[in-house]
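*Asks:* Sharing a structure here in structure tokens format.
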Amino acid sequence: MQIIIIPKGSERVCRSCLSSRASWMLGVILFMVLPVTAGGMGWYLANQFSAEDKNQSTAKQIDEQKQRLSVLQNNVNDIQRQSEASLDALSLQLGRMQAETMRSNALGQRLAEMAGLDKSEFDFSTEPALGGNDSDLAGGHLDIMDLKNSIDRVAEAISEERMELGLIENIMLDKDLKQSMDPKGWPVKRGYISSSYGYRSDPFTGKKVFHNGVDIPSAKGSPIKALAAGVVTHAEKSNGFGKMVEIDHGNGYSTRYAHISKLLVKAGDRIDQDQQIAEIGSTGRSTGPHLHLEMFKDGRRFNPRKRLYSARKAKDN
């Protein structure tokens with residue numbers, strides 16, 4: 001075998017001749033080396049492609065994991081928003097409950113005062129005392145739904161209690177209103193009944209006449225108070241009675257105050273119970289300073305003595 005080598009950039013030609021044995025040995029070597037080299041190259045290239053596939057698979061897995069984490073993060077954000085919304089709703093409900101409690105406490109204090117209850121026993125500004133023995137059972141924690149349901153039940157109970165207290169207040173106010181419109185009491189400071197309701201001797205003529213009211217002597221200028229709330233129907237000078245005041249108390253009741261020295265009200269005025277309406281005098285047909293008092297029910301006079309004395313006795317006690 002003849003081998004010709006031509007170097008680059010040189011005009012010289014190298015020739016080499018191999019014997020047939022050397023040629024055979026070279027063929028054997030090439031036969032053995034070429035497959036090994038080709039296999040090595042193939043293994044190398046296979047590893048390269050496998051690494052690339054592995055890298056691509058890993059990158060895909062990373063992307064998928066990122067997507068899952070993103071979904072989880074969104075879920076967490078949703079749960080957080082829902083929790084915050086639930087807490088805001090609970091806070092708002094608690095605020096309403098506090099307002100309801102303040103109104104109920106104020107109403108309770110007012111009713112306690114109206115009913116004359118002991119303030120130390122019914123102190124609505126402090127929490128009621130609670131207690132109990134230790135339980136052997138371990139208590140469980142309330143979840144947010146249990147807490148919300150408990151708050152709803154308490155809010156409902158507070159609302160119902162406030163409505164009941166309101167009804168009681170209306171009943172008591174109505175009762176107080178009726179009582180304030182029922183003529184009862186003592187119209188002057190101290191004093192006594194000097195002339196009763198019924199037949200008596202006329203102080204001017206001595207004849208037996210019917211006295212339509214009661215006379216209560218008192219110092220001139222002493223205050224005269226209304227026996228009940230109502231509306232003034234007359235405040236004027238009248239023959240025999242001198243200056244007088246008449247008050248309509250409703251429910252068919254009315255009262256008349258006569259022989260007054262000074263009028264402090266006029267027709268149409270609204271009058272409260274125990275409000276001063278005039279001053280003691282001796283105007284009209286009178287022998288001295290006193291109050292002539294008459295009471296009417298449905299337009300008919302009746303004896304005011306029992307109402308006057310029972311009310312004064314209770315006031316003095």
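The values are calculated or read from the model by the stated rules, or taken from the named source; none is laboratory data. Note that the structure is predicted; figures quoted are calculated from it, not measured. Quick reminder, even Gly has a Cβ in these numbers, built from the backbone with ideal geometry, and neighbours come from all protein chains shown. In case anyone asks, the SASA skips ligands and DNA or RNA and just uses the protein heavy atoms, side chains included. Shrake-Rupley method; radii C 1.70, N 1.55, O 1.52, S 1.80 Å.
*Asks:* Give the long-range amide H neighbours of residue 285: residues separated by 5 or more places, or on another chain, with amide H under 5 Å away, using H modelled in the peptide plane at 1.01 Å from N.
*Replies:* Correct list: 240, 241, 242.
*Asks:* Residue separation times 0.36 nm, minus the C-alpha to C-alpha distance between residue 181 and residue 199: what's the value? Could you put the intermediate results ahead of the total?
*Replies:* Working: separation 18, 0.36 × 18 = 6.48 nm, distance 2.90 nm.
Roughly 3.6 nm would be gained on extension.
*Asks:* Another question, if that's okay. When Lys and Arg each count +1 and Asp and Glu each count -1, what net charge do the other residues less than 9 Å away from residue 307, Cβ to Cβ, add up to? Walk me through the numbers before you get to the answer.
*Replies:* On the way: positive: 184, 305, 306; negative: 182.
Spelling it out: positives minus negatives among the neighbours equals +2.
*Asks:* Could you pull the accessible area for residue 254 with a 1.4 Å probe, rounded to 10 Å²?
*Replies:* Roughly 30 Å² of residue 254 is accessible to a 1.4 Å probe.
*Asks:* Mind listing the long-range amide H neighbours of residue 233? Cut-off is under 5 Å, sequence gap 5 or more, other chains count too, H placed in the peptide plane at 1.01 Å from N.
*Replies:* 246, 247, 248, 268
*Asks:* Given H placed 1.01 Å from N in the peptide plane, which residues other than close sequence neighbours of residue 211 have an amide H under 5 Å from its amide H?
*Replies:* Sorted by chain and number, the residues that satisfy this are 198, 199, 200.
*Asks:* Follow-up. With label points built 7 Å along Cα→Cβ from the Cα atoms of residue 41 and residue 231, find their separation and express it in nm.
*Replies:* 12.4 nm
*Asks:* Using only protein heavy atoms and a 1.4 Å probe, report how much of residue 236 is accessible, in Å² to the nearest 10.
*Replies:* 80 Å²
*Asks:* I'd like the projected area of the stretch 208-314, averaged over all directions, using the convex hull of its alpha carbons. Report it in nm² with one decimal.
*Replies:* On the way: hull surface 27.1 nm².
Mean projected area for the stretch 208-314: 6.8 nm², to one decimal.
*Asks:* Here's a follow-up. What number comes out for the charge environment of residue 227, summing +1 per Lys or Arg and -1 per Asp or Glu over other residues with Cβ under 9 Å away?
*Replies:* +1
*Asks:* Towards the positive end of the charge dipole of the stretch 213-317, with charges on Cβ (+1 Lys, Arg; -1 Asp, Glu), say which of 233, 268, 255 has the farthest Cα.
*Replies:* 255
*Asks:* Further question on the same structure: What length, rounded to one decimal in nm, is gained on full extension from residue 298 through to residue 75, with 0.36 nm per residue of separation minus their alpha-carbon distance? Don't skip to the answer; put the middle values down first.
*Replies:* On the way: separation 223, 0.36 × 223 = 80.28 nm, distance 7.93 nm.
Contour length minus Cα-Cα distance gives 72.4 nm.
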